[in-house]
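Working notes for the structure below.
The values are calculated or read from the model by the stated rules, or taken from the named source; none is laboratory data. Bear in mind the structure is a predicted one, so any value in this text is a computation, not a measurement. Don't worry about glycine lacking a Cβ; one is built from the backbone with ideal geometry, like all the others, and counts go over all protein chains shown. Side chains included, ligands, DNA and RNA excluded: accessible areas come from the protein's heavy atoms. Shrake-Rupley method; radii C 1.70, N 1.55, O 1.52, S 1.80 Å.
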Amino acid sequence: MCGIVGYAGQKNSVDIIFEGLKKLEYRGYDSAGIAVINNGALDLRRSVGKLSNLKEILSKKPLSSKIGIGHTRWATHGKPSEENAHPHTDQTNSIVVVHNGIIENYAQLKEQLKKDGAVFKSETDTEALSYLIKKYYKGILFDAVKKALKETRGSYALAVLCKDEPDTIVCARKEAPLILGIGENENFIASDIPALLAYTKNMIFLEDGDIAQIKSNSIVVENNDIKVEREIKTILWDAVQAEKAGYRHFMLKEIFEQPQTIEDTIRGRVNPVENKISLEEIGLSADFVKNISQIYLVACGTAYYSGLTAKFLFENFCRIAADADIASEFRYRDPVLTENSLAVFISQSGETADTLAALKLAKSKKCPTLAICNVVGSTISREADAVLYTHCGPEIGVASTKAFTGQLAALYMLALDWADKRGTLSKELLSKYIKELWSIPLKTANFLKNTNDIALIAKKFADRKDFLYLGRHINYPIALEGALKLKEISYIHAEGYPAGEMKHGPIALIDEKMPIVAIMPKSAIYEKILSNIEEAKARGAVIIAIASLGDEFVKEKTDEQIFIPETDEFFSPILSVLPLQLLAYHIAVIRGCDVDQPRNLAKSVTVE
């Protein structure tokens, strides 16, 4: 995520950049900074935490310049600290860079640059860019950035200043958004529209591979060393719409961000060509992984359902006994923990009180601990022995969506990496699963291209008082998550059940007034859940099926169908949950509920 703002014009850039960063703080709030050129020298201010801290520093040590760049950070490499805050400069303080994205080969770049005498001050991947650009700088910043990026692997939206070219910003984009704003004798850059709306509605949306040179009175864009003309578009959104990228709610925006956030979480870690998962960052040795006898997956709410899904993965892929536990129960039940156990704690915020208490219990029993978390530097990530970060960016909607699928992606990577280390999957099956994981972002994107049928289904059932969600095997936890989403934001009573358990009680509740959402993609137990649906239909139930694309038979057996792309059954949860998120969303909107801030709920539950 993170936010970038830049300005070249006749006004004080610092004021414009700071106001722009305020509009982007939802994209990152771990640290912030601004860099300008003054009297032929770079000058910058940085702070840890929210923008209010940077404002305080600027009030004590003001900056003023007609050109500058700024950044608000959501940490990916290195904890939140002033040293890790953007902007980053090279050793001579000649080049300064702000950057969103992930430089996958930053470690190799750093090693090469160290041989040339570079002394790094931060833990970030971005700092390597400033040294690399300086290495190639021969008087033209535009050329130096182009040469540096040819050695760079990964994703980026970046902006660069050089003290020797005090009227120029160079920026570039690859797989991360970057926008140019067009004014009169002034031009702007930003990573998102809200930062610029107060100053201009005329904008250029850079495309992948674009490198642009920005001055107060000119813009030049190249792609693959060829000059290109990009269309200037007029934005008609108001400020509130802009923060949500035109979506009606943050929750809807975050649902549609999932192809990108899943990709961001697996990029640089999954190699489908070499059939490898690279998770050396968490620091758990192959010997340790081979000796794990038991995994406890501990979390609350939606995160607990990601752990419950992962139970199937660790048992099937790794042949490790696994239990999923609700943190508030785990902390009081005196679990049997040993040095050969591993307790995995899953939390979007990294501050969930019950999960943190459960983590401390495990550590008191000398059990190794691993955190899966979305917030770098959070308490749980600091307290755990090891941490695997998801890269989902800030999640504003209280009901979790993209953080959940990010957690699933991280757990899939863990399970496949450990299956490789333990030798519990054949090379053929491991290769198949790694390639399938790599394909998931594209499949989620393809599904989200056309979801109008879900809104129509929601309209038919928004007035119901009860819902029953059914799933089996690895999609049973997704039934629980689907029911939770509906409860959270629409206030409709909903229950999730393993479909085979329905006849042991819930079947007594079924009548024509209770819709049943059946999660039934193609799998080894497809016929089993089909039988369960027949049982419900015999009692007058209305069935809404989540099924695999191309399943014509399901149309005969159910009343409504939502089709997801076909995938291996073990990977179907990430796809199955998407229509459930959207169904809950549309029902809540029809009922007039506050989707982003549902009653009685908080984003980070920091009390017991």
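Condition check ((1) surrounded by fewer than 20 Cβ atoms within 10 Å (Cβ to Cβ); (2) at pLDDT below 95; (3) of a type in the set (D, E); (4) part of a helix (DSSP H, G or I)) across all residues:
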residue: K227; (1), (2), (3), (4): yes, no, no, no
residue: V240; (1), (2), (3), (4): yes, yes, no, yes
residue: R248; (1), (2), (3), (4): yes, yes, no, no
residue: L252; (1), (2), (3), (4): no, no, no, yes
residue: I255; (1), (2), (3), (4): no, no, no, yes
residue: I292; (1), (2), (3), (4): no, no, no, no
residue: L297; (1), (2), (3), (4): no, no, no, no
Original post:
Do the conditions hold for N452, that is, is it within 26 Å of the chain's Cα centre (by Cα) and exposed (fewer than 14 other Cβ atoms within 10 Å of the Cβ)?
Top reply: yes
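For A118, state whether it is in a loop (DSSP other than H, G, I, E, B), crowded, with 19+ Cβ neighbours inside 10 Å and touching a helix residue (DSSP H, G or I) at 6+ places or on another chain (Cβ under 9 Å).
Working: in a loop (DSSP other than H, G, I, E, B): yes; crowded, with 19+ Cβ neighbours inside 10 Å: yes; touching a helix residue (DSSP H, G or I) at 6+ places or on another chain (Cβ under 9 Å): yes.
Answer is yes for this residue.
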Subject >> Filter result for the condition that a residue is buried (at least 19 other Cβ atoms within 10 Å of the Cβ), among the charged types (D, E, K, R) and part of a loop (DSSP other than H, G, I, E, B), over E83, E165 >> reply: E165
Subject >> Considering residues of segment 359-371 that are free of Cβ contacts under 8 Å to residues at least 40 places away in the same chain and farther than 17 Å from S293 by Cβ only, the residue least open to solvent (accessible area, probe 1.4 Å) >> reply: A371
Original post:
What single numbered condition from (1) over 29 Å from the mean Cα position of the chain (by Cα); (2) charged (D, E, K, R); (3) under 28 Å from F250 (Cα atoms) fails to hold for D167?
Top reply: (3)
Original post:
Conditions: (1) touching a residue at least 40 places away in the same chain (Cβ under 8 Å); (2) within 14 Å of the chain's Cα centre (by Cα); (3) open to solvent by less than 10 Å² (accessible area, probe 1.4 Å); (4) within 25 Å of E315 (Cα to Cα). W418 meets all but one. Number of the miss?
Top reply: (2)
**OP:** Starting from segment 211-235, keep only residues that are closer than 22 Å to K147 by Cβ, then list their pairs with residues that are β-branched (V, I, T) and surrounded by fewer than 17 Cβ atoms within 10 Å (Cβ to Cβ) whose Cβ atoms are within a distance under 6 Å, requiring at least 6 positions of separation or different chains.
**Re:** Q213/V220; V221/V228
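So which strands (runs of 3 or more DSSP E) are wholly in segment 1-55 and hold at least 3 residues that are buried (at least 24 other Cβ atoms within 10 Å of the Cβ) and touching a helix residue (DSSP H, G or I) at 6+ places or on another chain (Cβ under 7 Å)?
3-8, 31-38
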Original post:
When you go through A107, A128, A157 one by one, which is the residue that is at pLDDT below 95, within 22 Å of Y389 (Cα to Cα), surrounded by fewer than 18 Cβ atoms within 10 Å (Cβ to Cβ) and under 26 Å from the mean Cα position of the chain (by Cα)?
Top reply: A107
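In segment 348-358, is there at least one residue being open to solvent by 50 Å² or more (accessible area, probe 1.4 Å) and either touching a Cys at 6+ places or on another chain (Cβ under 9 Å) or free of Cβ contacts under 8 Å to residues at least 60 places away in the same chain (or both)? Spell out how you get there, then give the answer.
So in segment 348-358, the residues open to solvent by 50 Å² or more (accessible area, probe 1.4 Å) come out as 351.
Those still in the list that are either touching a Cys at 6+ places or on another chain (Cβ under 9 Å) or free of Cβ contacts under 8 Å to residues at least 60 places away in the same chain (or both) too: none.
No, segment 348-358 has no match at all.
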Original post:
Within segment 532-545, is even one residue aliphatic (A, V, I, L, M), over 16 Å from R472 (Cβ atoms), free of Cβ contacts under 8 Å to residues at least 60 places away in the same chain and part of a helix (DSSP H, G or I)?
Top reply: no
Original post:
From the set of residues in segment 70-100 that are β-branched (V, I, T) and touching a helix residue (DSSP H, G or I) at 6+ places or on another chain (Cβ under 8 Å), which is nearest to R267 (Cα to Cα)?
Top reply: V98
Original post:
Any idea which residue in segment 329-347 is modelled with the lowest pLDDT, counting only those that are under 22 Å from P498 (Cβ atoms) and open to solvent by less than 40 Å² (accessible area, probe 1.4 Å)?
Top reply: F330
Subject >> Selection status of K61, over 26 Å from the mean Cα position of the chain (by Cα), more than 20 Å from G154 (Cβ to Cβ), open to solvent by 30 Å² or more (accessible area, probe 1.4 Å) and not acidic (D, E) >> reply: yes
**OP:** Go through (1) under 31 Å from the mean Cα position of the chain (by Cα); (2) part of a loop (DSSP other than H, G, I, E, B) one by one and return the number of the condition T92 breaks.
**Re:** (1)
